[in-house]
Amino acid sequence: MLDGGAQDVTRAREANAPKRAATEPQRLLLIEDDFALRAHLAELLMQEGYYVGCAADGQEAIRRLQREPLPAAILLDIMMPRVNGVAFREAQMRTSGLRSIPTIAITSIKDSEQLQSLGFAAVFKKPIDFETLTETLARVLPPR
């Protein structure tokens, strides 16, 4: 049995020790109109330990961002119907709660230099090198 002083020290150490809370996976929002690519990429990212929400275009993504917890990062296809990636990114940059979310462009556009002015964390050309994508996500995601 510990004496009173030693018990106080033990209690103080326990109180100051880092809590081991179960951490939830980091949330990603994958916006891609190609169903097969979206499903495949989401599955690979989930296997890497991410929670992946998906949207088929920018319009659906905007709705999801309004009603779901915000993602730690966004993976954004550029060429999509209804609201394309450029229009989505412009709307994202005008919205204070969304502009700080790191966003990675995924494109089949040959001249992706025009995308640089939109402040993407990275730009990937299709087909995507998955290993490089996961390295980029690890670099741009906010620390937990």
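Going from the fewest other Cβ atoms within 10 Å to the most, the residues 130, 124 appear in the order 130, 124. On full extension, the segment bounded by residue 91 and residue 110 gains 4.5 nm, given 0.36 nm per residue less the C-alpha separation. Counted over all Cα-Cα pairs of the range 23-140, pairs farther apart than 26 Å make up 9 percent. Residues 76, 70, ranked from the fewest to the most other C-beta atoms within 10 Å, line up as 70, 76.
Modelled label positions at residue 43 and residue 99, each set 7 Å beyond Cα in the direction of Cβ, lie 3.9 nm from each other. What trypsin sites (Lys or Arg not before Pro) in the range 14-105 are in a loop by DSSP, with at most 15 other Cβ atoms within 10 Å of the Cβ? Answer by residue number: 19, 20, 82. Residues 77, 129, 33, ranked from the fewest to the most other C-beta atoms within 10 Å, line up as 129, 33, 77. Could you pull out which residues in the range 32-76 have an amide N less than 15 Å from a spot 7 Å beyond the Cα of residue 82, following the Cα-Cβ vector? What the label zone holds, given the 15 Å backbone N cut-off, is 32-35, 54-67.
Using C-alpha pairs below 8 Å separated by at least 6 residues, the relative contact order for the range 52-144 is 25 percent.
Just so you know, all these numbers are worked out from the coordinates, no wet-lab data involved. Not measured: the values here are computed from a predicted model. A quick note on method: Cβ atoms are made from the backbone with ideal geometry, for glycine too, and the neighbour counts reach across all protein chains shown.
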